[in-house]
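Visitor: Got a structure for you, questions after.
The values are calculated or read from the model by the stated rules, or taken from the named source; none is laboratory data. Computed from a prediction, not measured in an experiment: that's the story for all the values here. Positions of Cβ are generated from backbone atoms using ideal geometry, with glycine treated the same way; all protein chains shown enter the neighbour counts. Quick note on the areas: whole protein, heavy atoms, side chains included, nothing else; ligands and nucleic acids left out. Shrake-Rupley method; radii C 1.70, N 1.55, O 1.52, S 1.80 Å.
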Amino acid sequence: MALKQAIIRGGLESLYFSGAHLALRPFLGGVGAILTLHHVRPPRPGRFQPNHLLEVTPAFLARVVGDLRRSGIDLISLDEMHRRMTEGDFARRFVCLTFDDGYRDNLQWAYPILKEAGVPFAVYVPTSFPDRLGELWWLVLEAVIGRNDRIGLVIDGHDRKFDCKTIAEKRALYDEIYWWLRSRPSEAEMRGILRNLAAYYHVDIAAFCEELCMTWTEIAQLAADPLVTIGAHTVNHPALAKLSKDAVRSEMDLSRSVIEAALSIRPEHLSYPYGDRGSAAAREFEVAAELGFKTAVTTRPGVLFPEHSRHLMALPRISLNGDYQRLRYVRVLLSGSATAMWNGFRRVEAA
């Protein structure tokens, strides 16, 4: 992971300091972009933070907003983005800000910054989180490894023991188990493994939702502001590609109905959990379209091109990654140069 981060950082630095991102922007920058965020909060103590990529500081968010304003890019809502895409109104480049999962720090730290700046933004809510039934399993895994020097786990039928005394060992073990869990053929198997792990090592799964996720009352407070769009993010935050088509439809549609019942707002925009190719692809895009969503976003990296108007259920986003909190990296990413290289210079990935 450290090597991968160094390579990515090196590529971003090279594009920026060579000026290549400026030269390529007219050809690769597209018409706009959708930014992905999760947590916005002050830096936390502790060296073992494998989910640090999911959080940025309030100061960094404020700098990004200020930089976008100074650059002349329009900061717009998802509805306005949908209008521009469907009507072909590409006179001005735009950016949409989106937050996945409905964390309380979005209200506490991000909202005051965006409210003061008059910036629209969207929050995609998995309804099991405010219902206090959700499983933030990636944080459960972090807690198990962080609190123990040695853990045991049955992997592919073998009872294995792992030493994790040092920070380096913990980081390596987290990456290994995280991706092994993500590769499980079914969502039920993966969740079952985590529940057993949490029970054995006395980690309270429910406590993470209670501590970190907004209640319905808090979400309603945000939703009352015209700047805020509430979007659907399924019920249980599963990797949809591992579910049956009927279950995929239920996750999407029920989440929309629950939000409507709680807030009297029917979401018209959707975010696929995880959002990568292994979690959402052509079948999921088709279901979202059948259910009548205006747009649906992935986490596939990329900017928006006019061609995306024909693929509104498969929109790419650019992540504001906590491991890369530099304005110059954001400028490179919004230029489209880095993501174009990542995507092999394919403008649309909708399969």
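Visitor: I need the trypsin sites (Lys or Arg not before Pro) found in the stretch 89-137, filtered to DSSP loop residues with at most 14 other beta carbons within 10 Å of theirs.
Guide: Passing both the DSSP loop test and the Cβ count: Arg92, Arg132.
Visitor: Leaving ligands, DNA and RNA out of it, report the carbon-plus-sulfur percent of the accessible area of the stretch 138-182 at a 1.4 Å probe.
Guide: That fraction is 49 percent.
Visitor: Oh, and also: Any lysines with Cα under 26 Å of the Lys170 Cα? List them, leaving off those in the same chain fewer than 8 positions away.
Guide: Within the straight-line limit of under 26 Å, Lys170 reaches these lysines: Lys4, Lys161.
Visitor: R0 = 25 Å: FRET efficiency of Ala247 with Glu210, Cβ-based, nearest 0.05?
Guide: Computed FRET efficiency for Ala247 and Glu210: 0.40.
Visitor: If the reach is capped at under 24 angstrom between alpha carbons, list the lysines near Lys245, excluding any in the same chain fewer than eight residues apart.
Guide: Lys294
Visitor: Please report, in cubic angstrom per residue, the volume enclosed by the convex hull of the alpha-carbon atoms of the stretch 218-293.
Guide: 88
Visitor: Out of the stretch 206-292, which trypsin sites (Lys or Arg not before Pro) are coil in DSSP terms and have no more than 15 other C-beta atoms within 10 Å?
Guide: Of the trypsin sites (Lys or Arg not before Pro), the ones in loops of the stretch 206-292 whose Cβ has at most 15 other Cβ atoms within 10 Å are Arg277.
Visitor: Output ³J(HN,Hα) for the stretch 235-243: one whole-Hz value per residue in order, computed from phi by the Karplus curve 6.51 cos²θ - 1.76 cosθ + 1.60 with θ = phi - 60°, and x for Gly and Pro.
Guide: Values, residue by residue: 8, 10, 6, x, 6, 4, 4, 8, 9 Hz.
Visitor: Continuing with the same structure: Scan the stretch 231-316 for chymotrypsin sites (Phe, Trp or Tyr not before Pro) in coil per DSSP, keeping those whose Cβ has at most 11 other Cβ atoms within 10 Å, and list them by number.
Guide: Answer in residue order: no site qualifies.
Visitor: Under the Kirkwood approximation applied to all pairs of distinct alpha-carbon atoms, what is the hydrodynamic radius of the chain in Å?
Guide: 20.9
Visitor: Where only protein heavy atoms count, and the probe is 1.4 Å, what is the accessible area per residue for the stretch 246-304 in Å²?
Guide: Result: 35 Å² per residue.
Visitor: What residues qualify as long-range amide H neighbours of Ile34, i.e. H under 5 Å apart, gap of 5 or more or another chain, H built at 1.01 Å from N?
Guide: Counting only residues 5 or more places away or on other chains, the set is Cys96, Leu304, Ile318.
Visitor: Hey, in the GNM for the chain with a 10 angstrom Cα cutoff, which one of Ile265, Ile155, Ile219 fluctuates hardest?
Guide: Among Ile265, Ile155, Ile219, the largest GNM mean-square fluctuation belongs to Ile155.
Visitor: Follow-up. Taking only protein heavy atoms and a 1.4 Å probe, what accessible area per residue, in Å², does the stretch 105-201 have with all protein chains in place?
Guide: About 46 Å² of surface per residue is accessible.
Visitor: Which of these, Ser128, Ser257, Ser183, has the largest mean-square fluctuation under a Gaussian network model of the chain (Cα springs below 10 Å)?
Guide: So, out of Ser128, Ser257, Ser183, the one fluctuating most is Ser183.
Visitor: Which order, highest average first, do 198-208, 220-230, 74-84 follow once you tally other Cβ atoms within 10 Å for each residue and take the mean per peptide?
Guide: The peptides rank, most packed first, as 74-84, 220-230, 198-208.
Visitor: Please list the radius of gyration and Dmax for the stretch 155-287, considering alpha-carbon atoms only, with Å as the unit.
Guide: 17.9, 54
Visitor: Further question on the same structure: Please calculate the 1.4 Å probe accessible area of Arg266, with all protein chains present, and give it to the nearest 10 Å².
Guide: Estimated to the nearest 10 Å², Arg266 gives 110 Å².
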